[in-house]
2 protein chains.
Amino acid sequence: MTDAKDFKLVIIGGGEDKKADKKILKEVVKLAGGKEARIGIVTTATKLPEEVGQEYEKLFKDMGVSEVNTINIGGRKTSDIHGTIDKIMDYSCLFFSGGDQLRISSIIGGTDFHNLIHDYRREGRIIAGTSAGASMMSQIMIVEGDDEEAPARCTIKLAPGMGLIDGVVIDQHFNQRGRIGRLFAAVAQNPSILGIGIDEDTAIVVEGNEKFSVIGNGVVTVVDGRHIEYTNITEQYPDDPLALTNVTVHILPERYGYNLIDKTAIIISEKH
Amino acid sequence: MTDAKDFKLVIIGGGEDKKADKKILKEVVKLAGGKEARIGIVTTATKLPEEVGQEYEKLFKDMGVSEVNTINIGGRKTSDIHGTIDKIMDYSCLFFSGGDQLRISSIIGGTDFHNLIHDYRREGRIIAGTSAGASMMSQIMIVEGDDEEAPARCTIKLAPGMGLIDGVVIDQHFNQRGRIGRLFAAVAQNPSILGIGIDEDTAIVVEGNEKFSVIGNGVVTVVDGRHIEYTNITEQYPDDPLALTNVTVHILPERYGYNLIDKTAIIISEKH
């Protein structure tokens with residue numbers, strides 16, 4: 001269970017702008033300490049760790065960050081080697097790249113490095129992740145599911161995530177890949193779990209288990225299933241389409257946010 | 001304004017099965033009188049009226065329908081010619097093919113044929129339509145909008161439809177093309193309008209302005225905006241992403257339906 005009150009996560013829906021405004025990456029840098037930031041790029045999710053690591057190293061360095069390194073943990077043994085972990089003990093931010101979220105959970109889950117991530121989080125250091133690095137944040141994560149399909153029980157496969165935020169399931173590349181069906185299917189399985197669909201070049205900045213605010217160019221879709229009246233999720237043959245009535249949905253762009261305790265949308269700031 | 005109480009519409013989200021079960025086309029035939037059905041295929045939406053007309057003629061004939069003809073109205077003049085209309089006076093069902101819904105409204109809108117469609121509807125004859133032929137059914141229809149994009153004011157263009165059903169806006173190929181963003185944008189403009197997104201090989205059978213039931217292999221997504229709390233639709237620059245909070249969504253597969261008066265989801269029948 002997560003317990004720290006003041007932790008900060010930056011959860012990015014993939015495809016964050018790396019050329020123009022770099023609004024989201026700038027926010028990561030700002031939260032991590034600005035020029036004093038010390039960012040560790042965790043490339044476990046990708047099969048191209050060197051390319052991806054180098055890309056983010058260059059990006060963050062060009063933004064004035066003094067210390068950026070790639071932490072290439074590609075197998076469970078590396079993840080447990082104390083030397084590797086000692087070297088990365090003093091980052092102000094861990095940034096998880098995209099790739100496959102199941103690589104993150106299966107390689108890092110339960111290792112010393114997993115404990116370190118939780119220590120970091122408790123200490124208020126920034127944990128950021130994009131795409132697969134976003135999905136892995138929650139207790140339970142979507143690892144597979146059909147895009148652009150009618151919601152059905154079988155369109156979704158869930159797995160235990162890294163447990164950095166409670167009570168939510170996160171999906172990314174959300175509107176771009178037509179994923180609302182699979183998020184509905186996830187929420188239908190247990191409506192106490194809040195579904196959060198994050199668009200490309202869009203992020204949520206989570207402040208403890210209390211609230212998040214939205215930044216970037218797309219929207220965040222929140223699926224609140226607490227008031228569901230009917231669902232057929234337990235009745236049907238697996239390929240049957242899902243029934244789900246009375247789901248509450250919020251579409252939140254920048255300047256909007258969400259109160260995770262009251263489960264209500266909030267306006268963070270007026271347009272300047 | 002529509003007024004007839006007992007009209008029946010079959011509104012199909014495109015891509016209806018034409019090879020295996022033909023569940024939806026069978027329902028059209030059944031409602032139109034079974035073997036006694038007299039079906040007129042209206043090919044106005046498509047630029048390939050002959051091919052499309054022939055395809056549906058063969059399909060319906062193979063299903064035992066005795067009288068099927070293509071009504072090829074390709075311009076406003078044809079639409080007004082009494083001879084053409086007289087010939088089609090005794091169909092039990094008009095079936096509108098896919099194509100471009102703006103062709104239907106711009107070619108048929110306001111002509112004698114448009115009046116005839118309304119007469120048919122009042123008389124309880126079946127009006128069916130697929131894809132563009134689905135979109136055109138409502139008072140206001142979606143003619144253009146980005147698929148798989150975050151909802152934004154500018155992602156949607158609306159136009160006056162054929163007015164066969166009140167108070168709704170219909171979108172088709174719904175989950176298959178990731179269109180929930182544009183349906184949210186349509187509903188945000190006037191939350192009194194109910195958004196209905198119909199998947200491929202899925203249809204709603206509308207009974208008056210009272211209710212509809214779902215048939216087919218996908219789902220129907222109902223977007224009810226009456227309880228929206230915040231939206232930025234009037235505030236933003238056109239390309240800004242949309243904010244929309246507290247939207248109610250229902251996901252309805254076969255055996256489910258919707259009460260258009262109470263605005264509640266209903267179970268039509270239990271699984272047999």
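The values are calculated or read from the model by the stated rules, or taken from the named source; none is laboratory data. The structure presented is a predicted model; accordingly, all values stated were derived computationally and were not measured. A quick note on method: Cβ atoms are made from the backbone with ideal geometry, for glycine too, and the neighbour counts reach across all protein chains shown. Heads up: the accessible areas ignore ligands, DNA and RNA and are worked out on the full protein's heavy atoms, side chains in. Shrake-Rupley method; radii C 1.70, N 1.55, O 1.52, S 1.80 Å.
Here are the numbers:
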item: Residue match in region B:102-110 (condition: open to solvent by less than 40 Å² (accessible area, probe 1.4 Å), modelled with pLDDT of 70 or more, within 20 Å of B:Ile198 (Cα to Cα) and in a loop (DSSP other than H, G, I, E, B)); result: no
item: Failed item, numbered, when B:Leu158 is tested on (1) of a type outside the set (Lys, Arg); (2) open to solvent by 10 Å² or more (accessible area, probe 1.4 Å); (3) more than 14 Å from every other protein chain (Cβ to nearest Cβ); (4) part of a loop (DSSP other than H, G, I, E, B); result: (4)
item: Flag if A:Gly133 is in a helix (DSSP H, G or I) and under 30 Å from A:Phe60 (Cβ atoms); result: yes
item: Entirely in region A:175-218, the strands (runs of 3 or more DSSP E) that have 3 or more residues that are more than 9 Å from chain B (Cβ to nearest Cβ), open to solvent by less than 30 Å² (accessible area, probe 1.4 Å) and β-branched (Val, Ile, Thr); result: A:202-207
item: Hits in region A:219-232 - residues which are within 9 Å of chain B (Cβ to nearest Cβ) and either touching a Pro at 6+ places or on another chain (Cβ under 6 Å) or assigned to a loop (DSSP other than H, G, I, E, B) (or both); result: A:Val219, A:His227, A:Glu229, A:Tyr230, A:Asn232
item: Residue count for region B:233-262, restricted to those that are under 30 Å from B:Lys23 (Cβ atoms), open to solvent by 10 Å² or more (accessible area, probe 1.4 Å), assigned to a loop (DSSP other than H, G, I, E, B) and at the interface with chain A (Cβ under 7 Å from one of its Cβ atoms); result: 0
item: Qualifying residue in region B:10-18 (condition: at negative phi, open to solvent by less than 60 Å² (accessible area, probe 1.4 Å) and at pLDDT below 95); result: no
